[in-house]
């Protein structure tokens, strides 16, 4: 069996580290990792104190210009309702040629409520927007009967209305039924 010779540096230092020094180095690294993990968990990340408001006017203007149907949008909501998201989609998951608008709000209580408006097929759109929630009792609001769904697993409440020209409006989120009704009642027809 060949003999392994450890090179020796001037002054008598060996190049080959001893097992003891490797273990000490490994323990030091492990200690640093544990302390870093404790610091990350113990010191919470900074969160925004207020939701970031978005300007949805350009999406709404495009929708009014391009929609083949009469567009409705919230109007007159109290300033404590903060618009936090807006998206306009042409086609996509709702089918070719469809036009869909999402407008999300942070309610005064800190929950989320959104208005979803489309000319896509009602049944499939409702199923997706309500996450296949369980059908609940209908609600009468501003002279219209809204169907309602509840998805307990997601804590999601939904109200929806389909009009004759094939337009579906879904008001949904983890907001209370009361807040969803406020959003639904705030809808006003937008002129071209």
(request) Obtain the nm distance between the two label points defined at residue 52 and residue 127 by a simple spin-label model: each point lies 7 Å from its Cα along the Cα-to-C-beta direction. (result) 3.5 nm
(message) Under the 0.36 nm per residue contour assumption, what length would be gained going from the current alpha-carbon distance of residue 154 and residue 89 to full extension?
(response) 21.0 nm
(request) Give, in nm to one decimal, the length gained when the segment between residue 192 and residue 75 is fully stretched (0.36 nm per residue of separation minus the Cα-Cα distance). (result) 40.5 nm
(message) Please state the shape class of region 116-190: rounded when a/c is under 1.5, otherwise prolate if a/b exceeds b/c and oblate if not, all from the C-alpha gyration tensor.
(response) oblate
(request) For a footprinting-style exposure proxy, rank 90, 71 by other Cβ within 10 Å, fewest first. (result) 90, 71
(request) Report the paramagnetic label zone for residue 68: residues of region 97-111 whose backbone N is under 17 Å from a point 7 Å from Cα along the Cα-to-Cβ axis. (result) 97-101
(message) Within region 146-160, name every residue whose backbone N is under 11 Å away from a label modeled 7 Å from Cα of residue 134 along the Cβ vector.
(response) 150-153
(request) Order by neighbour count: 54, 72, 189, fewest other Cβ atoms within 10 Å first, most last. (result) 189, 54, 72
(request) Mind putting together the pair-distance distribution for region 57-189? All Cα pairs, 5 Å bins, whole percent per bin, short to long. (result) 2, 11, 22, 25, 22, 14, 5, 0
(message) So if each residue of separation counts as 0.36 nm, and I subtract the Cα-Cα distance between residue 163 and residue 61, what length gain in nm does that give?
(response) 34.6 nm
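Bear in mind these aren't lab numbers, they're just calculated from the coordinates by the rules spelled out. If you're wondering where the values come from, they're calculated on a predicted model, not measured in any experiment. A quick note on method: Cβ atoms are made from the backbone with ideal geometry, for glycine too, and the neighbour counts reach across all protein chains shown.
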